[in-house]
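Below is one structure, written out as structure tokens; the observations come after it.
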Amino acid sequence: MKAIINARIYDYKNYIECGYLLFDDKIVKCGPMSEFPKGEYQSVEDYKGDLLLPTFVCAHAHIYSIFARGLALPFNPKNFQQILDQMWWKIDAKLVNQETYYSAICAGEEFLLNGVTSVIDHHASGEIIGSLKSLRKAFVGPLKMHGIFCFETSDRYNVSDCIKENKNFAKRYPGEGLFGLHASMSLSNATLRRVAKAQNGVPLHVHVAEALDDESDSEEKYKKPIIKRFDDFGLLVPNSLIVHGVHLNDEELQIIKERGCYMVVNTTSNMNNAVGLPNVRKYLDYGIPVMVGNDGLSSNMANEYNNVLYTGHLKSESPLGIGLGDVHQMIENSYKYVGDRLGLKLGKFEKGYEADFMRVKYTPFTKMDASNALGHLFYGLFPALKPSDVYTAGTKRVKDYKITSKKLINEVIEARKFASNLWSKVKEE
């Protein structure tokens, strides 16, 4: 058993000004230093007042997009569909499983360095069969992270292979697989019927109404909004992830609530693509649980949480429209969702919870206690959070801001070759 002493400890529920933590692969005990049990430990680390926090969850990612950084392609989009056509669909169509694996290695390294140890990914690639296994191989191997995966079924691909990959992965790794769909505008009724037949209760992970193009397409072709269209096929099983939701109407929100689905917002990406902002206040008022993703952009989830707060104020036209407590609940929702899917306990310094946490150097200039710790996080720490140490399963994966695993470091170096190969294929088009 290992020990950490003299730490500020905060898990969004309890705050200890000067405390200790005992752990192996799971949390054993936590309390104030005045109650620290003397004994022999595998290691004792003095945090000297540094802050101890649970690690983050990214509730919607596109891991492969990390290989797009710096790639220059002709790009002059006039709408959201053209963003897909000119950039993302060119890239993902060329991905093969080796590149998928190495993209996960690179994205995972960045997530770890930013204190993110659980990721729900929405994958797309030209090589479909075996792609989710490639992602999982990186996560359970060198990265030692928690992952939930799906393949985004779309009519631009071989639909049979998309369905097969989702179905087989979810069956082989229960809890780790969702049933991925790209978006309504890339899915025919024939495809949705096939998905409904194959779904077998597996929750969806699907983009919905990210841009107005998607909602308009459903209204024009099928004379109904997207959520109603999906619901008519019986696809919205409990715990499905409805991602973006920028242009949803009241009827759709009511269906989402009644079906027990989650909303996953990605406000930074929405701003980048100029598609609008989700009405998070409205989702919350409907009683829909909300989580936060990065949509393949920055791996810094602290920044994503800040942006949800700020854009929530802007969208609601009130500095009180979204509160710290609301975003805190989104963080808790993500711990619960991933924990329930994977059979883990995440996000608390309590006995039996996963020993997934991070050390952050932070000296508060004003009093910090249980009543205002959230304010310190959001306004003092999150805008530039960088953990010095990150643990998963009680093992230090990041030490002094650097990855500890030589194998992972070597894999990241190897990944550059595969990124270059992907760029060459994309540019040959």
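Summary table below
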read-out: Residue check for V208: closer than 17 Å to V243 by Cβ and at pLDDT 95 or above; value: yes
read-out: Neighbours by Cβ (under 6 Å, 6+ apart or cross-chain): first from region 197-212, assigned by TED's automatic domain parsing to the domain that holds H123; second in a helix (DSSP H, G or I); value: A198/I163; A198/K167; V202/A170; V208/I226; A209/E215; A209/I226; A211/F80
read-out: Number of positions in region 161-182 that are in contact with a Lys or Arg (Cβ under 8 Å, 6 or more places away or on another chain) and surrounded by fewer than 18 Cβ atoms within 10 Å (Cβ to Cβ); value: 2
read-out: Only one of V195, V206 that is among the β-branched types (V, I, T), in a helix (DSSP H, G or I) and surrounded by 22 or more Cβ atoms within 10 Å (Cβ to Cβ); value: V195
read-out: Set L236, L284, L253, L277: member being within 20 Å of G180 (Cβ to Cβ) and at pLDDT 95 or above; value: L236
read-out: Search result, residues across region 261-312 that are among the small types (G, A, S) and either closer than 17 Å to H207 by Cα or buried (at least 18 other Cβ atoms within 10 Å of the Cβ) (or both); value: S269, A274, G276, G293, G296, S299, A302, G312
read-out: Selection status of R281, assigned by TED's automatic domain parsing to the domain that holds G115, farther than 30 Å from K171 by Cβ and among the basic types (K, R); value: yes
read-out: Residue within region 116-126 that is under 30 Å from L53 (Cα atoms), assigned to a loop (DSSP other than H, G, I, E, B) and under 15 Å from the mean Cα position of the chain (by Cα) present; value: yes
read-out: Selection within region 130-151 - small (G, A, S) and outside any strand (DSSP E or B); value: G130, S131, S134, A138, G141
read-out: Residue satisfying condition, being part of a helix (DSSP H, G or I) and either modelled with pLDDT under 95 or out of contact with any helix residue (DSSP H, G or I) (no Cβ under 9 Å at 6 or more places or on another chain) (or both), within set D231, D213; value: D213
read-out: Scope region 313-322; condition under 21 Å from S371 (Cα atoms) and buried (at least 16 other Cβ atoms within 10 Å of the Cβ); matching residues; value: G321, I322
read-out: Matching option when the condition is among the hydroxyl-bearing types (S, T, Y) and over 29 Å from L192 (Cβ atoms), among S316, S269; value: S316
read-out: Failed criterion for V116 (all others in (1) without any contact (Cβ under 8 Å) to a residue 60 or more places away in the chain; (2) of a type in the set (A, V, I, L, M); (3) in contact with a Phe, Trp or Tyr (Cβ under 6 Å, 6 or more places away or on another chain) hold); value: (1)
read-out: Condition met for V28 (surrounded by fewer than 23 Cβ atoms within 10 Å (Cβ to Cβ), aliphatic (A, V, I, L, M), at pLDDT 95 or above and under 29 Å from Y305 (Cβ atoms)); value: yes
read-out: Number of positions in region 330-379 that are closer than 30 Å to S240 by Cα and of a type in the set (F, W, Y); value: 6
read-out: All positions within region 278-310 that are among the acidic types (D, E) and assigned to a loop (DSSP other than H, G, I, E, B); value: D295
read-out: Strands (runs of 3 or more DSSP E) wholly inside region 319-429 containing at least 3 residues that are within 27 Å of E45 (Cβ to Cβ), within 23 Å of the chain's Cα centre (by Cα) and of a type in the set (A, V, I, L, M, F, W, C); value: 357-360
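The values are calculated or read from the model by the stated rules, or taken from the named source; none is laboratory data. These numbers come from a predicted model, not from an experiment. No Cβ is skipped: glycine too gets one built from the backbone with ideal geometry, and neighbour counts run over all protein chains shown.
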